[in-house]
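Student: Dropping a structure here in structure tokens format, bear with me for questions.
The values are calculated or read from the model by the stated rules, or taken from the named source; none is laboratory data. This is a predicted model, so every value here is computed, not measured. Cβ placement follows ideal geometry from the backbone for every residue including glycine, while neighbour counts extend to all protein chains displayed. Calculation scope for accessible area: heavy atoms of the full protein, side chains included, ligands and nucleic acids excluded. Shrake-Rupley method; radii C 1.70, N 1.55, O 1.52, S 1.80 Å.
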Amino acid sequence: MFDSIKGIFRRRALKKNASPVQTAITPVSSVKTAVTFIDVEDTSFDACKEAILSFYRENGIKGEIFFFDFRKIGSGERLITSITNTVLERDVNWYGKPSEEKMKLLENLNPELFISLIKGTDFPIEYMATCSRARFKIGRCQIPGRIFDMVVADAPGRETSQLEVFKGVKKYLRNIGA
């Protein structure tokens, strides 16, 4: 029963806050701002972060990286990313909606390109992707409502790191509009 109540609140939040912007596959040459979401628990986290930043620089894109970090961090441990653009477990409400602060940060970035390297379709990334006003959205797996214009899925039958997925995204982006 609790899951059905959670589902009602999730559907209502998505319907109320979904972006009205029409999305489509867009050449990277026309993208000026971007945001990428990565999971700090992925073993390729650091290398992936550097690859993304390098991609932004090479293409003249003003970009930001949001980090998903839902680990249990003990009192003696420190956060390895900036608190500003890290979505922590405490930054989502009881049904998974990210805080207004994180959503406002995403909105103020006004990205034209939205890339999610988050594996799975957990509600926080579904909500952020659905509500983002980006005109080109890329994900690792499709979420309800066909939110992503392009999906770069894991190789069948094997665990794929987000760095490998990002390399695939870059390959496809180079071919668009070429």
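Student: At 1.4 Å probe size, with every protein chain present, just tell me what the per residue accessible area of the chain comes to in Å².
Tutor: 55 Å²
Student: Also: Could you work out [θ]222 nm for the chain from helices alone, using -39500 (n - 2.57) per DSSP H run of at least four and dividing by all its residues? Round to the nearest 500 deg cm²/dmol. Walk me through the numbers before you get to the answer.
Tutor: On the way: 5 runs with 63 residues, N = 178.
My calculation for the chain gives -11000 deg cm²/dmol from helical runs alone.
Student: A further question follows. Label Glu89 and Glu101 with points 7 Å out from Cα along Cα→Cβ: what is the distance between them in nm?
Tutor: 1.8 nm
Student: Additional query: Given Cα pairs under 8 Å that are at least 6 residues apart, what percent is the relative contact order of segment 18-68?
Tutor: It rounds to 49 percent for segment 18-68.
Student: Moving on to the next point. Using Cα positions and a limit of under 16 Å, work out the lysines in reach of Lys97, with same-chain residues fewer than 8 apart set aside.
Tutor: Cα-Cα hits under 16 Å: Lys6, Lys15, Lys16.
Student: Work out from phi, with θ = phi - 60° and the Karplus expression 6.51 cos²θ - 1.76 cosθ + 1.60, the ³J(HN,Hα) of each residue of segment 32-43, listed in order in whole Hz, and give x for Gly and Pro.
Tutor: Ordered by residue, 3J(HN,Hα) equals 10, 9, 8, 9, 10, 10, 10, 9, 6, 7, 5, 5 Hz.
Student: So how much accessible area does Glu50 have, in Å² to the nearest 10, using a 1.4 Å probe?
Tutor: Roughly 100 Å² of Glu50 is accessible to a 1.4 Å probe.
Student: For the chain, list the DSSP H helices whose alpha carbon atoms reach 18 Å or more along the long axis and whose average Kyte-Doolittle value is -1.0 or above?
Tutor: 2-17, 45-58, 162-175
Student: Something else: State whether segment 99-144 is rounded, prolate or oblate according to the following rule on the C-alpha gyration tensor (a ≥ b ≥ c being the square roots of its eigenvalues): a/c under 1.5 gives rounded; otherwise a/b larger than b/c gives prolate, and the remaining case gives oblate.
Tutor: Verdict is oblate for segment 99-144.
Student: Another question, then. Got a number for carbon plus sulfur as a percent of the chain's accessible area, 1.4 Å probe?
Tutor: Carbon-and-sulfur percentage of accessible area, whole number: 51.
Student: Long-range amide H contacts for Phe68: which residues qualify at under 5 Å (H placed 1.01 Å from N, peptide plane, sequence gap of 5 or more or a different chain)?
Tutor: Distant-sequence amide H within range of Phe68: Ile38, Asp39, Val40, Val87.
Student: Suppose a student asked you for the relative contact order of the chain, using Cα pairs under 8 Å spaced at least 6 residues apart; what percent would you report?
Tutor: 29 percent
Student: Let me ask something else about it. Could you state the per residue volume, in Å³, of the convex hull enclosing the Cα atoms of segment 1-142?
Tutor: Convex hull of Cα atoms, per residue: 121 Å³.
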